[in-house]
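First the structure, in the form of structure tokens, and then the observations on it.
Every number here is computed from the coordinates shown, using simple stated rules; none is lab data. All values derive from a computational prediction rather than experimental measurement. Neighbour counts run over all protein chains shown; Cβ positions are idealised from the backbone, glycine included.
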Amino acid sequence: MLTLLVAIGSFWMVHDWPDQARFLSPLEKEMVHNRLKREQGLASEGKLSWRIVRKALKDWKVYCLMLMYIGAAEPLYR
């Protein structure tokens, strides 16, 4: 029952964009926008190119996330 109440309440508490959050000050909204731009990473490049593919394949986090996914998904298929 508590889960249902939290789920219904989160409809009004969770905001899609910082502009919609009334509890943030203008400075905080700007800080959130800047952080979102920084976190886009390669997605901010616009289109796919071989340079971006090579850059992604050189990133150690890609391989770490692959191993984590395989470790989580493998038991589901047995």
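Worth pointing out:
- Which numbered condition Asp59 fails, given (1) surrounded by fewer than 11 Cβ atoms within 10 Å (Cβ to Cβ); (2) under 18 Å from the mean Cα position of the chain (by Cα): (1)
- Among the helices (runs of 4 or more DSSP H) confined to the stretch 21-78, the ones with at least 3 residues that are acidic (Asp, Glu) and either out of contact with any Lys or Arg (no Cβ under 6 Å at 6 or more places or on another chain) or within 28 Å of Ser10 (Cα to Cα) (or both) are located at 26-39.
- Taken together, Gly41, Gly46 contain a single residue that is surrounded by 10 or more Cβ atoms within 10 Å (Cβ to Cβ) and at positive phi, which is Gly41.
- Exactly one residue out of Ala43, Ala7, Ala21, Ala56 is free of Cβ contacts under 8 Å to residues at least 40 places away in the same chain and in contact with a His (Cβ under 8 Å, 6 or more places away or on another chain): that is Ala21.
- Put simply, of Val53, Val32 the only residue that is within 18 Å of the chain's Cα centre (by Cα) and of a type outside the set (Lys, Arg) is Val32.
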